[in-house]
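See below for the structure under consideration.
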Amino acid sequence: MKVLDGLNKLQAWQRVNQRAVHLCIEADNIADLATAGIRGALVPHASEIQAAEPCVDQFEYDASFVGHVVPSSYAPPLSDVPRYQSAIEHMLAARRVNFAMPLEPNVKACVDQALSGLGHESDRPLLRLAMAQWLRNEVTKQTMPLRGWVFEACGLDRIDIFGGDPAYLHNVARSLQIERDSVHHHPAVYDQEAVQQIFNRSRVSINISSLQFDHAVVNRFHDVIMSGGLCLTDARDGLSQLTPLHAEVSYRTLAELKEKADYFARPEKARERALLIQALQRDVARNSGYGLLADAIVQAIDTLS
């Protein structure tokens, strides 16, 4: 039924295609939409935060995470459709080994196998896209327990988590927590200045992207950097387009995450860390932001003329 819902949505997009263009931050989405004759345009992320001075002392946290996470043991079923469970487990296992591993080729291969010989050739691109969107959504449901696995297994001496279990957003009286001596949970923080303070006063802030993304650098990275903090993020292809310093602030394995977090936690690295943040702030300001976003939207609208 969910695939049919996706199919209906895509057919509606086709009907308005002459007067619509879809803005995407994930490059693969544009190519996928094009297979169904639907126009898309790539746009950059933007941060509302002005560049702040990096902290060099008076840190409050060694490593922090702001966002939603649950213990790895609380993973939802891999899929409502049993035949796809092994494929999703394979994708998750690949991402645990290498956080830079793109999942989209596996999604497409799985869908192509499922659709082999089915339907009329003219209908297949739209059905293929609808099924791929459904399957990627099934994979994305595993994001929060994957984050839990990272914090359970990464070996950091201490990690402070703000937010954690998102049950409170749905008025559910539940607070799942990662049971590790190294993990310390705090309530969610909503005030923007308070969040910026967490970023600024953390020696490193950790980002673990939602599993819907292979390419895009989510705006959490931008916000941390512009707050004067240092963000260690899972490696994404889009990061190299944002800054030539991408290798310094990205990780592909748990060992690499721990190595970089430990390195920047050393007091004698405070000045090196501050200089790195300032360089990253210049790159973020130059290669993203609302000015570039507005230009991209105007260019996309011009294609409708």
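Kindly list the number of the only condition in (1) closer than 16 Å to R273 by Cα; (2) at pLDDT below 95 that fails for Y190.
(1)
Can you name every one of the strands (runs of 3 or more DSSP E) wholly within the range 1-71 that holds 2 or more residues which are open to solvent by less than 40 Å² (accessible area, probe 1.4 Å) and under 30 Å from R180 (Cα atoms)? Steps first, answer last, please.
Values: elements: 22-24, 40-42, 61-68.
Of the strands (runs of 3 or more DSSP E) lying wholly inside the range 1-71, those with at least 2 residues that are open to solvent by less than 40 Å² (accessible area, probe 1.4 Å) and under 30 Å from R180 (Cα atoms) span 61-68.
Criterion first (part of a helix (DSSP H, G or I) and acidic (D, E)) does E193 satisfy it? Please lay out each step first, then the result.
On the way: part of a helix (DSSP H, G or I): yes; acidic (D, E): yes.
Against the criterion (part of a helix (DSSP H, G or I) and acidic (D, E)), E193 qualifies.
Evaluate the following for S250: is it buried (at least 16 other Cβ atoms within 10 Å of the Cβ) and not aliphatic (A, V, I, L, M)?
yes
So is V298 without any contact (Cβ under 8 Å) to a residue 12 or more places away in the chain and assigned to a helix (DSSP H, G or I) or not? It would help to see each step written out before you state the result.
On the way: without any contact (Cβ under 8 Å) to a residue 12 or more places away in the chain: yes; assigned to a helix (DSSP H, G or I): yes.
Answer is yes for this residue.
Restricting to the range 77-110, name every residue that is under 19 Å from D32 (Cβ atoms) and modelled with pLDDT under 90.
Of everything in the range 77-110, just one residue is under 19 Å from D32 (Cβ atoms) and modelled with pLDDT under 90, namely Y84.
Limited to the range 268-280, what total is found for residues that are under 15 Å from G229 (Cα atoms) and open to solvent by 30 Å² or more (accessible area, probe 1.4 Å)?
Looking only at the range 268-280, we keep the residues that are under 15 Å from G229 (Cα atoms), and these are 269-280.
Okay, now just the ones that are also open to solvent by 30 Å² or more (accessible area, probe 1.4 Å), so 269, 271-272, 275, 278.
Adding up the residues that qualify gives 5.
Within the range 225-248, can one find any residue that is among the aliphatic types (A, V, I, L, M), out of contact with any Phe, Trp or Tyr (no Cβ under 7 Å at 6 or more places or on another chain), assigned to a loop (DSSP other than H, G, I, E, B) and touching a residue at least 24 places away in the same chain (Cβ under 8 Å)? Before the answer, list the steps.
As a first pass, look at the range 225-248 and keep what is among the aliphatic types (A, V, I, L, M): 225-226, 230, 232, 235, 239, 242, 245, 247.
Now drop any that are not out of contact with any Phe, Trp or Tyr (no Cβ under 7 Å at 6 or more places or on another chain), which leaves 225-226, 239, 242, 245, 247.
With the extra rule that they be assigned to a loop (DSSP other than H, G, I, E, B), the set shrinks to 245.
Imposing the further condition that a residue be touching a residue at least 24 places away in the same chain (Cβ under 8 Å) reduces the set to 245.
The answer is yes; a qualifying residue exists.
Return the residues of the range 156-183 that are open to solvent by 60 Å² or more (accessible area, probe 1.4 Å) and touching a residue at least 12 places away in the same chain (Cβ under 8 Å); say none if nothing qualifies.
Those that are open to solvent by 60 Å² or more (accessible area, probe 1.4 Å) and touching a residue at least 12 places away in the same chain (Cβ under 8 Å): D157, R158, Y168, Q177, E179, R180.
Right, L239: open to solvent by less than 30 Å² (accessible area, probe 1.4 Å), hydrophobic (A, V, I, L, M, F, W, C) and touching a Cys at 6+ places or on another chain (Cβ under 6 Å) or not? Full working, then the answer.
Working: open to solvent by less than 30 Å² (accessible area, probe 1.4 Å): yes; hydrophobic (A, V, I, L, M, F, W, C): yes; touching a Cys at 6+ places or on another chain (Cβ under 6 Å): no.
No; evaluated as a whole, the condition is false for this residue.
Consider V249 carefully, then state whether it is modelled with pLDDT of 95 or more and either on the phi > 0 side of the Ramachandran plot or among the hydrophobic types (A, V, I, L, M, F, W, C) (or both). Outline the logic, then answer.
Working: modelled with pLDDT of 95 or more: yes; either on the phi > 0 side of the Ramachandran plot or among the hydrophobic types (A, V, I, L, M, F, W, C) (or both): yes.
Judged against the criteria, V249 is a match.
Answer with yes or no whether E104 is of a type in the set (D, E) and more than 30 Å from E268 (Cα to Cα). Write out each step before concluding.
Details: of a type in the set (D, E): yes; more than 30 Å from E268 (Cα to Cα): yes.
Answer is yes for this residue.
Which pairs have Cβ atoms under 6 Å, sit 6 or more apart or on different chains, and link a residue in the range 58-72 that is under 18 Å from A265 (Cβ atoms) to one that is of a type in the set (S, T, N, Q)?
Here the result reads Y61/S202; S64/S202; S64/S205, each pair linking the range 58-72 to a residue that is of a type in the set (S, T, N, Q).
The values are calculated or read from the model by the stated rules, or taken from the named source; none is laboratory data. Just so we're clear, the structure is a prediction, and the values are computed from it rather than from any experiment. Neighbour counts run over all protein chains shown; Cβ positions are idealised from the backbone, glycine included. Calculation scope for accessible area: heavy atoms of the full protein, side chains included, ligands and nucleic acids excluded. Shrake-Rupley method; radii C 1.70, N 1.55, O 1.52, S 1.80 Å.
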